[in-house]
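Every number here is computed from the coordinates shown, using simple stated rules; none is lab data. The structure presented is a predicted model; accordingly, all values stated were derived computationally and were not measured. We place every Cβ from the backbone using ideal geometry, glycine too, and count neighbours over all the protein chains shown.
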Amino acid sequence: MREKLPNPTERLAALTEIVSGFAERRILCVGDVMLDRFIYGGVKRISPEAPVPIINVTREHSELGGAGNVLRNLVALGARNFFVSVVGDDDAGGDVGKLLGALDKAEYYLCDGSGRETTIKTRFFSQHNHHLLRADKETVEPLSSADIADLERVITSQINTVDAVVLSDYGKGVLNGSLSSFIIAAASKAGKPTVVDPKGVDYHRYKGASVLTPNRAELEQVTGGPVNTEGAIVDAAQTLRAAAKVSAVLVTRSGDGMTLVEADGAKHMLATTREVADVTGAGDTVVATLALALACGASLSDAAYLANAAAGVVVARHGTAAVSTPDITAAVLHDGLAHAEQKIVDRTTAGARAKSWREKKLKIGFTNGCFDLLHPGHVSLLRQAREACDRLIVGLNSDLSIQRLKGAGRPVQNEMARAAVMASLAPVDLVVVFGEDTPMGLISALRPDVLVKGADYARTDVVGGDFVEGYGGRVVLVDVIGPYSTTATIAAMNSAQKVKI
């Protein structure tokens, strides 16, 4: 049976359509909110009281942290939101309320926790962004029964109005005890997906969640086993998935990407950025994007892919940055182009790839041409060629060979530009540039099962036809549509230019 492959162009379109739907979704986010304070100053001397730098403060500002940063990401992605958390009856709690009130499309409910103080993380930086010190002030006790009842009341009133739920657990007490279980059960009953960014070692309270998103260190902590290889990560994640009774586990692996583990297998995704500036808050970006994609009806695989793309954007920026939908769309399209570039290979690599496909019982097709100015005739030929095989390799004449065949002024586009265009087309699996006047050497190296040319060729004129048929392959002459021609197109352009002059 012929393997059915995803159409890359259709997949890119589907992913960007998912992202475009983010603005139509409403997300319930519950978790530990914090106040992140950033203090910057000059450092010119060491304190005479102790061997520590003296910071001459020049500026400071505050941002929402913890679950608040998840909300910031959701807002940046255009979602409508309802945020629930707990603060203390203190000045920092008031600052959190002001920052929440300044956000667009963000309704919120803050419970003044009994006997609690608002969590504050204060970071000190030099003027050149060197991180010097962090000071934390927090309460990590579980909520009182009265506070839990208050939050359950609010969540119950909202659960049917949202498209997905995020639990952002930073281990400060909001999601300890029974509240996590209550929210997940309510979301499940309402048919809403639940994304959990977990903390600690008691994952039983997340039972029934759609997906957990531990990082590698958290996975190792909760399972007690090594996670230093992809295989070990999958084994640990499957153990966690079964023990916690959740549908899936998405392991974030910092600069190494992500691993999605479901009941029927695992999928590894490479990081999409080469330069990591700051991983702070990347997990918050992941859960926000993941929840929005699931809210739009995306599969877990597609949602994880988009979350990985979003993480790649945010780790390239300093601080707890948020991403936007244009950021993710650009990352997805860039990844698609990078995938296309990977299709352009040399003859040796193409031969090895063809051998691998042949061992998998896949039918290999080959066609060739100049493909200078792409027109509908080319598109039709490639589509029909791909329908005749499982993998299609395109041999592309080099610039020098085209000059010998077509004369001065050709090609219009250089060989790398033509190869990039070919590689971006869904029917094409590999592109190989060849410098000879005919593709015979390339055909001999690849030994395709199907040799494809347009029906404007006579069978006897197809280069390599006898060779392919000699080992049991076949020649396919596909229909040619319309009077399309690169030479005619160039002539028409030149004529139009002369008329204009």
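The slack between ASN414 and SER114, meaning 0.36 nm per residue of separation minus the straight C-alpha distance, is 100.9 nm. For the chain, relative contact order (Cα pairs under 8 Å, six or more residues apart, normalised by length) works out to 12 percent. Fully extending the segment from LYS355 to SER299, taken as 0.36 nm per residue of separation minus the present Cα-Cα distance, adds 16.9 nm. Here is how the number arises for the chain: DSSP H runs of 4 or more residues each give -39500 (n - 2.57), the sum is divided by the residue count, and the result at 222 nm is -12000 deg cm²/dmol. Between GLU24 and SER254, the modelled label-to-label distance comes to 4.0 nm, taking each label 7 Å out from Cα in the direction of the beta carbon. Annotation: for a label point projected 7 angstrom from Cα along Cα→Cβ of GLN221, residues of segment 25-53 with backbone N closer than 20 Å are 30-36.
Its relative contact order, with pairs defined as Cα atoms under 8 Å and 6+ residues apart, puts segment 19-146 at 28 percent. Here's the list of lysines a cross-link from LYS207 could span, going by alpha-carbon distance under 17 Å and ignoring same-chain residues fewer than 8 apart: LYS189, LYS192, LYS199, LYS245.
Based on DSSP, what percent of beta bridges with both residues in the chain are antiparallel, to the nearest 5? Taking every DSSP beta bridge with both residues in the chain, the antiparallel ones total about 35 percent. Once the Cβ-Cβ distance of LYS137 and LYS44 is raised to the sixth power relative to R0 = 22 Å, the FRET efficiency obtained is 0.20. In this simple spin-label approximation, ALA445 and GLU230 carry label points 7 Å from Cα along the Cα→Cβ vector, and these lie 2.7 nm apart. Computed about its Cα centre, the charge dipole of the chain is approximately 1360 debye, with only Lys, Arg, Asp and Glu carrying charge at their Cβ.
Which Cα, out of HIS375, ILE55, THR229, lies furthest along the positive dipole direction of the chain (beta carbon charges, K/R +1, D/E -1)? Ranked along the dipole, the leading option is HIS375. The trypsin sites (Lys or Arg not before Pro) of segment 165-263 that DSSP puts in a loop, and whose beta carbon has at most 14 other beta carbons within 10 Å, are LYS245. Projecting the Cα atoms of ALA310, VAL261, GLY409 onto the charge dipole of the chain (Cβ charges, centred on the Cα centre) puts GLY409 farthest toward the positive pole. Please work out whether segment 347-500 counts as rounded, prolate or oblate from its C-alpha gyration tensor, where a ≥ b ≥ c are the square roots of the eigenvalues and a/c under 1.5 means rounded, while otherwise a/b larger than b/c means prolate and anything else oblate? Prolate shape, in that a/c is at least 1.5 and a/b is the bigger ratio. With R₀ set to 22 Å, the beta-carbon distance separating ARG474 from GLU387 gives a calculated FRET efficiency near 0.95. Each of PHE467, ALA419, LEU477 was placed along the dipole of segment 347-500 (beta-carbon charges, centred on the mean Cα), and the one lying farthest toward the positive end is ALA419. How high is the relative contact order of segment 93-252, in percent, counting Cα pairs under 8 Å that sit 6 or more residues apart? With pairs under 8 Å counted, the relative contact order is 15 percent.
One Cα centroid belongs to segment 372-438, the other to segment 100-171; the line between them spans 57 Å.
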